[in-house]
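> Shown below is the structure under consideration.
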Amino acid sequence: MLPIRTATPADARALTELRRVMHDDIDGPHPTDWMQACEEMTRVRLSIDPSFHAYVVEDEGKVVAGITGEIRPRFPTPGSPQTIAGYGIAMCILPEYRRRGIGGTLVHHMTERFMALGCARMSVFVAPMAVGLYRELGFEELDDAIKPMNRFAGRPVPPNRYTAAATAS
């Protein structure tokens, strides 16, 4: 197994390239107009944000895999009184390094780190190709859990009873 190390701001470009590979593998290819902003955000967060964690794997000086995540405060709920949780942001491995145990080792490393810092759980959004890996590592799909939904700026909202009422006023 190749060694894991904590990422530094100097790894921002490599981590961004890995994110591009990840997104392209899921449903790409995609334009690259987002990459400069992503690299800068990664560099800044690695420099000054103690809630942001990233680890990389190198082979002969080249970053071949990485994982990013963050620890966030959360509101307690019935049955889940914890006030801190870990969230996986992205995990990617260059295609030629896959199926060597690197992904599982990275996820395990970050999960253990987050638990040591007081997280009672770690949540991730998982690409279909990685569901089995996360299950093997003890992650569970909660069928009764609240489902993530997104609304994006600039995309039209279909007519509905709420928008109709707002435009009538």
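> Of the residues in segment 65-80, how many are free of Cβ contacts under 8 Å to residues at least 12 places away in the same chain and β-branched (Val, Ile, Thr)?
1
> Let me ask another. Could you grab me the full set of residues in segment 48-70 that are within 12 Å of Ala14 (Cβ to Cβ) and of a type in the set (A, V, I, L, M)?
Of everything in segment 48-70, those that are within 12 Å of Ala14 (Cβ to Cβ) and of a type in the set (A, V, I, L, M) turn out to be Ala54, Val56, Val57, Val63, Val64, Ala65.
> Please state which one of Leu142, Leu137 is without any contact (Cβ under 8 Å) to a residue 60 or more places away in the chain and either crowded, with 16+ Cβ neighbours inside 10 Å or under 17 Å from the mean Cα position of the chain (by Cα) (or both).
Leu137
> Separate question: Which residues, counting only those in segment 110-135, are over 16 Å from Pro148 (Cβ atoms) and β-branched (Val, Ile, Thr)?
Thr111
> Now for a different question. Tell me which helices (runs of 4 or more DSSP H) are completely within segment 78-169 and hold 2 or more residues being closer than 23 Å to Ala7 by Cβ and aliphatic (A, V, I, L, M), or say none if there are none.
102-116
> While we're here: Go through (1) part of a helix (DSSP H, G or I); (2) among the hydrophobic types (A, V, I, L, M, F, W, C); (3) under 16 Å from Leu106 (Cβ atoms) one by one and return the number of the condition Ile67 breaks.
(1)
> Just the residues that are surrounded by 12 or more Cβ atoms within 10 Å (Cβ to Cβ), part of a helix (DSSP H, G or I) and modelled with pLDDT of 95 or more, please, taken from segment 1-23.
Scanning segment 1-23 gives Pro9, Asp11, Ala12, Arg13, Ala14, Leu15, Thr16, Glu17, Leu18, Arg19, Arg20, Val21.
> Here is a follow-up. Could you tell me which of the residues Arg113, Arg99 is at positive phi and at pLDDT 90 or above?
Exactly one of Arg113, Arg99 is at positive phi and at pLDDT 90 or above, namely Arg99.
The values are calculated or read from the model by the stated rules, or taken from the named source; none is laboratory data. Owing to the predicted nature of the structure, the values given are computational and were not obtained by experimental measurement. Counting neighbours? That spans all protein chains shown, and the Cβs are built from the backbone with ideal geometry, glycine included.
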